[in-house]
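The values are calculated or read from the model by the stated rules, or taken from the named source; none is laboratory data. Here the structure is a predicted model, which means the values were calculated and not measured. Ideal geometry is used to build each Cβ from the backbone, glycine not excepted, and the neighbour counts take in all protein chains shown. Surface areas here come from the heavy atoms of the whole protein model, side chains and all, with no ligands, DNA or RNA. Shrake-Rupley method; radii C 1.70, N 1.55, O 1.52, S 1.80 Å.
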Amino acid sequence: QVQLVESGGGLVQPGGSLRLSCAASGRSVNANTMGWYRQAPGKERELVASIISGGSTNYADSVKGRFTISRDNAKNTVYLQMNSLKPEDTAVYYCRLGLTYYYWGQGTQVTVSS
């Protein structure tokens, strides 16, 4: 059974940083496309960043240069380092494993506010 557990969310001031973690079990993060998505109130869920099995990464234009996706194969965990956070980054962040057939984590709230 595949399980994804996100952590690391919280309240941060504009300009601050957070690192989200997604610990996977049941499947290997390095053998699957892993993605971070977010959903703000009243908006659709959107892709923030992804990393494929070969290691190539992709980012939404809105986060390029500020966010970095990475993985630790030994810990079977994917990370999202978020720097220079803005109020518009406020959302629930979800981890996803897989591409055609996929699994979601439960989400972690990120709030950027002064």
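Computed values, structure above
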quantity: Sparse-neighbour loop sites [trypsin sites (Lys or Arg not before Pro); the stretch 12-114; at most 13 other C-beta within 10 Å; DSSP]; calculated: 43, 64, 75
quantity: Solvent-accessible area per residue for the stretch 4-114 (1.4 angstrom probe, square angstrom); calculated: 51
quantity: Within the stretch 21-101, GluC sites (Glu not before Pro) in DSSP loop having at most 14 other beta-carbon neighbours inside 10 Å; calculated: 44
quantity: Semi-axes of the equivalent ellipsoid for the stretch 19-87, Cα gyration tensor, largest first, Å; calculated: 21, 13, 11
quantity: Total charge dipole magnitude, the stretch 31-114, about the Cα centre, Cβ charges on Lys, Arg, Asp, Glu only, Debye to nearest 20; calculated: 100
quantity: Choice from 97, 47, 80 with maximal GNM fluctuation in the chain (Cα, 10 Å cutoff); calculated: 47
quantity: Mean separation of Cα contacts under 8 Å (6+ apart) over length of the chain, as relative contact order %; calculated: 37
quantity: Furthest towards positive pole of dipole, 112, 28, 16, structure part the chain, Cβ charges; calculated: 28
quantity: Under 19 Å from residue 86, Cα to Cα: lysines that are on another chain or at least 8 residues apart; calculated: 43, 64
